[in-house]
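**Student:** Here's a structure for you.
The values are calculated or read from the model by the stated rules, or taken from the named source; none is laboratory data. Note that the structure is a prediction, hence the values are computed from the model and not measured. Glycine also receives a Cβ, built like all others from the backbone with ideal geometry; neighbour counts cover every protein chain displayed. In case anyone asks, the SASA skips ligands and DNA or RNA and just uses the protein heavy atoms, side chains included. Shrake-Rupley method; radii C 1.70, N 1.55, O 1.52, S 1.80 Å.
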Amino acid sequence: PFLWVFFFAGVLISLFRLRRPTHLFLLMWLGLMSIPALLSQQGPIAKRAIGTLPAVAMLVATGTLVLHETLRRWAEEKDTLPSNAAVVALRIALVGGFVGSAAVTYQDYFLVWARDPDMFIHFEVGPTAVGKYVGALPEDDSVYVSPLSADHPSIVYNAHNRSRVKSYDGRACIVAPEVADRTLHYVVVIGEDAYSLGSLRELFPEGQIVAEGPRHYGEPYFVDFEVVAGSHAMAAPLQPVQATFGDAIRLLGFDLPDISYGQGEEIELTLYLQAVGPADEDFTVFVHLVGPYNPATQSPLWGQSDSEPCLRAYPTSAWTIGEIIKDRARIRIPPDAPPGSYQLVSGFYLLETLARLPASDPQGRPFPGDAVPLGTLTVRGANDEP
């Protein structure tokens, strides 16, 4: 409030003295440098308004100096004890006000604000720590980061553009080489990805956590789950399926926890996919629920999950030959779906053309519609027993 009074006074004085270039310059500076903050909408305003600070400081000084000089000249003209005392009192008040303002600022900035746990997020302490840690790992090792993107600027900069760094989103999938040809490091931000560690321990029982990142809210921001070279991924789907899509992708099977669902319920299944060849384009994986004719879709389609693998966090163009991708899919059954038997089918297509990748079995026989049947399930009616 102390500084605001003199800032407001400085603005008014500059408006009255607008024909003087220095005052016009200060107001133009303040206005122009406020534009980035005004246009930021939901973005952080403080950073974008930083260009106004020199003008703000000079306007505060303008208001302070004009008040002081006006009172000083009045005191010189009067040359009385009360007038001189008023000048001294003003100077004491100004010094006290600036010292008090400095104390409040110190308290707010170095004590209150610095201790705010959100500073960890605002200053990207976590991604910076991930980048520094990844950059210090042996160059021959491979690194997977989840769920942060390996292209995050704080990671790229602090890791010094380290090679062999890939990212996936463990909340939607898990990625693992069938056989680790080198040491693997899974750097997982456990506060955001609560799934990867459990899946990694299933895939690589011999793996272990070898390092932790800085603590945030009492927990490590990230952990490094290390897998030694030569380890085999224990990827065994509950329902094995052998199918190939084009020359790039193989379906190993899927996990489906149940085969009976009620109307309006959600089906969650996991596809086991493997890269067997290079994929130059980003294909969309689909899982469709098909049954009797659906008037709403004018087809047998009653539910679907269509997305690039790993909810677009690990596109097929990023796959390395031999990698296994456990990709989760969710399908909501419509409340008006007729009770009865339904089938799940899966495949890949290119979004730009909607052309599906050819799907074939191990003997090379094509699947109808280039959609691989995954299994049959039952949709129960409202009165049916689970």
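**Student:** With 12 Å as the cut-off, how large is the P(r) tail for segment 335-386, expressed as percent of Cα-Cα pairs? Write down the numbers at each step before the final one.
**Tutor:** Values: 947 of 1326 pairs.
Here the long-distance tail beyond 12 Å is 71 percent of all Cα pairs in segment 335-386.
**Student:** Hey, any idea what % of the chain's accessible area is carbon plus sulfur with a 1.4 Å probe?
**Tutor:** Working: 12760 of 21200 Å².
Percent of accessible area from carbon and sulfur atoms in the chain: 60.
**Student:** For Arg312 and Ala382, calculate 0.36 nm times their separation in residues minus their Cα-Cα distance, and state this gained length in nm to one decimal. Working shown, then result.
**Tutor:** Numbers: separation 70, 0.36 × 70 = 25.20 nm, distance 3.54 nm.
Between Arg312 and Ala382, full extension yields an extra 21.7 nm.
**Student:** If R0 is 51 Å, what FRET efficiency do you get for Val5 and Tyr157 from their C-beta distance, rounded to 0.05?
**Tutor:** Rounded to the nearest 0.05, the efficiency is 0.75.
**Student:** Using 0.36 nm times the number of residues separating Glu77 and Leu53, minus their current alpha carbon distance, what extension gain do you get? Don't skip to the end; give the middle numbers.
**Tutor:** Details: separation 24, 0.36 × 24 = 8.64 nm, distance 3.62 nm.
Stretched out fully, the Glu77 to Leu53 stretch lengthens by 5.0 nm.
**Student:** Also, quick follow-up: For the pair Asp361 and Ala46, how long in nm is the line joining their label points, each one 7 Å along Cα→Cβ?
**Tutor:** 6.4
**Student:** Here is a follow-up. At 0.36 nm per residue, minus the direct Cα-Cα distance, what do Phe110 and Ala89 gain on full extension? Give it in nm, one decimal, please.
**Tutor:** Values: separation 21, 0.36 × 21 = 7.56 nm, distance 3.09 nm.
Between Phe110 and Ala89, full extension yields an extra 4.5 nm.
**Student:** Right, something else. Could you compute the net charge surrounding Leu27? Neighbours are other residues with a C-beta less than 14 Å from the C-beta of Leu27; K and R count +1, D and E count -1. Don't skip to the end; give the middle numbers.
**Tutor:** Numbers: positive: Arg17, Arg19, Arg20; negative: none.
Local charge sum for Leu27: +3.
**Student:** For the chain, what is the charge dipole size about the Cα centre, in debye to the nearest 20, if Lys and Arg each add +1 at the Cβ and Asp and Glu each add -1 at the Cβ? If you can, show how the numbers build up before the last one.
**Tutor:** On the way: 27 positive and 42 negative charges, 442 e Å.
The dipole magnitude comes to about 2120 debye.
**Student:** Work out the FRET efficiency for Leu350 and Ile321 from their Cβ-Cβ distance, taking R0 = 30 Å, and round it to the nearest 0.05. Before the final figure, lay out the partial values.
**Tutor:** Details: r = 20 Å, r/R0 = 0.66.
With a Förster radius of 30 Å, E is 0.90.
**Student:** Check cross-link reach from Lys132 to the lysines: straight Cα distance under 30 Å, and skip same-chain residues fewer than eight apart.
**Tutor:** Lys47, Lys166, Lys326
**Student:** With the contact rule set at Cα under 8 Å and sequence spacing of 6 or more, what percent relative contact order holds for segment 84-213? Could the numbers behind the result be given before it?
**Tutor:** Details: 121 pairs, mean separation 28.7, N = 130.
Relative contact order of segment 84-213: 22 percent.
**Student:** Follow-up question, since we're still on this one. Scattering from the C-alpha atoms of the chain alone, worked out with Debye: what is log10 I(q)/I(0) at q = 0.09, 0.13 1/Å?
**Tutor:** For the requested q values the scattering log ratios are -0.73, -1.08.
**Student:** Additional query: Mind checking which aspartates and glutamates have their C-alpha under 16 Å from Lys78, skipping anything on the same chain fewer than 8 residues away?
**Tutor:** The reachable aspartates and glutamates, counting only those whose Cα sits under 16 Å from Lys78, are Glu69.
**Student:** Sticking with this one: I need to check one value: relative contact order of segment 257-386, counting alpha carbon pairs closer than 8 Å and at least 6 residues apart, in percent. Write out the running numbers ahead of the final one.
**Tutor:** On the way: 267 pairs, mean separation 44.3, N = 130.
Reported as a whole number, the value is 34 percent.
**Student:** With the other protein chains left in place, how much accessible area per residue, in square angstrom, belongs to segment 233-340 at a 1.4 angstrom probe?
**Tutor:** Details: 4850 Å² over 108 residues.
Using a 1.4 Å probe on heavy atoms only, each residue of segment 233-340 averages 45 Å².
**Student:** What is the calculated FRET efficiency for Ala102 to Val179, with r their C-beta to C-beta distance and R₀ = 56 Å, to the nearest 0.05? Don't skip to the end; give the middle numbers.
**Tutor:** Numbers: r = 63 Å, r/R0 = 1.13.
With a Förster radius of 56 Å, E is 0.35.
**Student:** If the viscosity is 1.567 mPa s and the temperature 4 °C, what translational diffusion coefficient in µm²/s does Stokes-Einstein give for segment 83-141 when Rh comes from Kirkwood over Cα pairs? Each step should come with its number before you reach the end.
**Tutor:** Working: Rh = 15.5 Å.
D = 83 µm²/s.
**Student:** Also, quick follow-up: I'd like to check one number: the per residue accessible area of segment 134-222, probe 1.4 Å, reported in Å² as a whole number.
**Tutor:** Numbers: 4150 Å² over 89 residues.
Spelled out: the 1.4 Å probe surface of segment 134-222, per residue, equals 47 Å².
**Student:** On to the next question. Between the alpha-carbon centers of segment 72-100 and segment 267-322, tell me the distance in whole angstrom.
**Tutor:** Taking the Cα centre of each part, segment 72-100 and segment 267-322 sit 78 Å apart.
**Student:** Divide by every residue of the chain the summed helix terms, -39500 (n - 2.57) for each DSSP H run of at least 4, and state the resulting mean residue ellipticity at 222 nm, rounded to the nearest 500 deg cm²/dmol. Mind showing how you got there, number by number?
**Tutor:** Numbers: 9 runs with 119 residues, N = 386.
So the calculated ellipticity at 222 nm is -10000 deg cm²/dmol.
**Student:** What net charge is computed for the residues neighbouring Gly207, neighbours being all others with C-beta under 12 Å from the C-beta of Gly207, Lys and Arg scored +1, Asp and Glu -1?
**Tutor:** Values: positive: Arg201; negative: Glu202, Glu206, Asp224, Glu226.
Charge balance in the 12 Å sphere: -3.
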